[in-house]
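Q: Quick one: the structure is below, and I'll ask about it shortly.
The values are calculated or read from the model by the stated rules, or taken from the named source; none is laboratory data. Computed from a prediction, not measured in an experiment: that's the story for all the values here. Here the Cβ positions follow ideal geometry from the backbone for every residue, glycine too, while neighbour counts run over all protein chains shown. What goes into the accessible areas is simple: the full protein's heavy atoms, side chains included, and nothing from ligands, DNA or RNA. Shrake-Rupley method; radii C 1.70, N 1.55, O 1.52, S 1.80 Å.
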Amino acid sequence: MTPAAARRRVEAAQLLREAERRTAPVEPLSTTWPDLDLADAYAVQQDNIARRLAAGATVIGHKAGLTSAPMRQLLGANEPDFGHLLDDMAHRDGATVRAARYCDPRIEPEICFRLARPLRGPGVTTADVLAATGAVAPALEIVDSRIRDWRITLVDTVADNASSAGLVCGPWTPMEHTPDLAAVSVDLLVDGSQVATGNGKEVLGHPATAVAWLANTLAAFGRELDAGHVILPGAMTTAPFIGTGQKAAAHFGALGSVSVSFI
């Protein structure tokens, strides 16, 4: 790597940290540094995650993003990405969170996986994921962009921890009692009004397939999905904006419901 490329990564990471700290979005990294590539973006993400860990946060899992056609269309991307889930991003079901801690939040309904056994790629299959999963739960991911007006490319969102900002999990169902996750449908409501519907098939054909993609992709970074970690496989619908005074709820049929309110 050239000194200029290394300097670019450092500056991009610092810009995103300041944007998050001040809750003040910045111009797209892809505009500021047109040569920024996907390897740079993941390096920027890892740098900022490492700094958060050094400050006391703990990794509790990972997220796969852009695994459904609605989300790829929304963001104009043609491949999935991944980010980290930290303990300071997690909220209890029914929690009230401050909208002011986010720049421009959206909400996504997802089926969250909790692993009973680790998964390490390459070669992880959908069946491997189902066998390694201890339980699943209805979940809402709070996504946020530290990039102004969500004018993001794949490089921008990857650098920005795949736009992940929060996680809310509902009740856990042991795998032996879960329905076919590809057939699970969801109704997403904001302030009691239905704003989107979707099903598990939206997520790479099966949510567990997205988890397999994640395990295999992480292997290229020399990492694995750990036992006990939670995994978000991607949104089952598009991601509406959410803000002060609003409540989001998602109903997943037999898997139950989950909600979060913003003040």
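Q: Condition check: part of a strand (DSSP E or B), at pLDDT 95 or above and of a type in the set (D, E, K, R). Does Asp187 satisfy that?
A: Working: part of a strand (DSSP E or B): yes; at pLDDT 95 or above: yes; of a type in the set (D, E, K, R): yes.
The answer is yes for Asp187.
Q: Further question on the same structure: Take the residues in the stretch 74-98 that are among the hydrophobic types (A, V, I, L, M, F, W, C) and under 21 Å from Phe221 (Cα atoms), then tell me which one is surrounded by the fewest Cβ atoms within 10 Å (Cβ to Cβ).
A: It comes out as Leu86.
Q: Here is a further query. So which residues in the stretch 1-56 are open to solvent by 40 Å² or more (accessible area, probe 1.4 Å), touching a His at 6+ places or on another chain (Cβ under 9 Å) and within 19 Å of Tyr102 (Cβ to Cβ), if there are any at all?
A: Correct list: Arg52 only.
Q: Out of (1) basic (Lys, Arg); (2) more than 21 Å from Gly198 (Cβ to Cβ); (3) crowded, with 19+ Cβ neighbours inside 10 Å, the odd one out for Arg101 is which?
A: Among (1) basic (Lys, Arg); (2) more than 21 Å from Gly198 (Cβ to Cβ); (3) crowded, with 19+ Cβ neighbours inside 10 Å, Arg101 violates only (3).
Q: A further question on this structure: Just checking, which of Glu224, Glu176 is in contact (Cβ under 8 Å) with a residue 24 or more places away in the chain, of a type in the set (Asp, Glu) and surrounded by fewer than 24 Cβ atoms within 10 Å (Cβ to Cβ)?
A: None of the other options fit; the residue is Glu224.
Q: Still on this model: What number goes with the only condition from (1) open to solvent by less than 40 Å² (accessible area, probe 1.4 Å); (2) closer than 25 Å to Ala219 by Cα; (3) part of a loop (DSSP other than H, G, I, E, B) that Pro122 does not pass?
A: It is condition (1) that Pro122 fails.
Q: Among the residues in the stretch 58-66, are any surrounded by fewer than 13 Cβ atoms within 10 Å (Cβ to Cβ) and within 23 Å of Arg101 (Cα to Cα)?
A: Our first condition is that a residue be surrounded by fewer than 13 Cβ atoms within 10 Å (Cβ to Cβ); within the stretch 58-66, this holds for 58.
If we keep only those that are within 23 Å of Arg101 (Cα to Cα) too, we end up with 58.
Yes, there is a match, as at least one residue in the stretch 58-66 is surrounded by fewer than 13 Cβ atoms within 10 Å (Cβ to Cβ) and within 23 Å of Arg101 (Cα to Cα).
Q: Looking at (1) assigned to a loop (DSSP other than H, G, I, E, B); (2) within 18 Å of the chain's Cα centre (by Cα), can you tell me which one Ala227 breaks?
A: All conditions pass for Ala227, except number (2).
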